[in-house]
Amino acid sequence: MSKKILVITGHPNPESFCSALSQAYAEGASGSRASVRLIDLSRISFDQNLRHGYRRRTELEPELVEAQEAIRWADHLVFVYPTWWGAMPAVLKGFFDRVFLPGFAFKYRENSPLWDKLLTGKTARLIVTMDTPPWYNRLIYRRAGHSVMKRNILQFCGIQPVRVTEITPLKGSTDAQRAKWLEQARKLGAAQA
């Protein structure tokens, strides 16, 4: 059986370098016989706000229902997004708020502070573009944005291991450097397949 990989692009601009990295990863995985699906959040329409929190159900748009089905289908999730203000863009945060719901991604236990992790058995990779130098992100920011994605969202729902690939610094990078990063994404996809 081939591995089932879902690549989610969390950049609001469909012409971003993140989109190119997603395509390169998908090409590498497909070339190694993995089954690959792509979701580009810049190309789907949904309300990014969880208007009522968990107090009242907000009906999911058809694209979000399809996204939940794709997440259930996948063995491995790949999130490709930039770091803005130390975290993911609003479109990706809105996607998590609307899609990773109780009953789908996790379930609180009655009369208990514990919860069930409903996405256990899946793995993930984060491919994160940044302008911040890697040493600064590590020493000064303590990789806060990565920690939120890994620990507070994905591992909370049972997804592990979660590996991180930093593409940085994007600002001022040359065409040759970007070509190397695209090749790196292809190789990551091929290796995961």
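The values are calculated or read from the model by the stated rules, or taken from the named source; none is laboratory data. These figures come from a predicted structure and were not determined experimentally. Every residue, glycine among them, receives a Cβ derived from its backbone with ideal geometry; neighbour counts consider all protein chains shown. Note: areas computed on protein heavy atoms with side chains; ligands, DNA, RNA excluded. Shrake-Rupley method; radii C 1.70, N 1.55, O 1.52, S 1.80 Å.
Tabulated data for the structure shown
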quantity: Tally of residues being exposed (fewer than 15 other Cβ atoms within 10 Å of the Cβ), touching a Ser or Thr at 6+ places or on another chain (Cβ under 9 Å) and not aliphatic (A, V, I, L, M) across the stretch 132-164; calculated: 4
quantity: Within the stretch 12-35, tally of residues that are open to solvent by less than 30 Å² (accessible area, probe 1.4 Å), under 21 Å from residue 68 (Cα atoms) and part of a loop (DSSP other than H, G, I, E, B); calculated: 1
quantity: Residue among 103, 189, 172, 121 that alone is open to solvent by 20 Å² or more (accessible area, probe 1.4 Å) and in contact with a Gly (Cβ under 8 Å, 6 or more places away or on another chain); calculated: 121
quantity: Residue within the stretch 11-22 that is touching a Cys at 6+ places or on another chain (Cβ under 9 Å) and closer than 23 Å to residue 167 by Cα present; calculated: yes
quantity: Residue count, the stretch 36-81 (criterion: loosely packed, with under 15 Cβ neighbours inside 10 Å and in contact (Cβ under 8 Å) with a residue 60 or more places away in the chain); calculated: 1
quantity: Search result, residues across the stretch 132-189 that are of a type in the set (Lys, Arg), part of a helix (DSSP H, G or I) and touching a residue at least 40 places away in the same chain (Cβ under 8 Å); calculated: 178, 186, 187
quantity: Members of the stretch 50-96 found to be in a loop (DSSP other than H, G, I, E, B) and closer than 24 Å to residue 160 by Cα, listed by number; calculated: 74, 75, 83, 86, 88, 89
quantity: Pairs with Cβ under 7 Å, 6+ apart, first in the stretch 12-32 and farther than 18 Å from residue 173 by Cβ and of a type outside the set (Asp, Glu), second at pLDDT below 95 and assigned to a helix (DSSP H, G or I); calculated: 29/192
quantity: Residue within the stretch 69-85 that is over 22 Å from residue 11 (Cβ atoms), modelled with pLDDT of 95 or more and acidic (Asp, Glu) present; calculated: yes
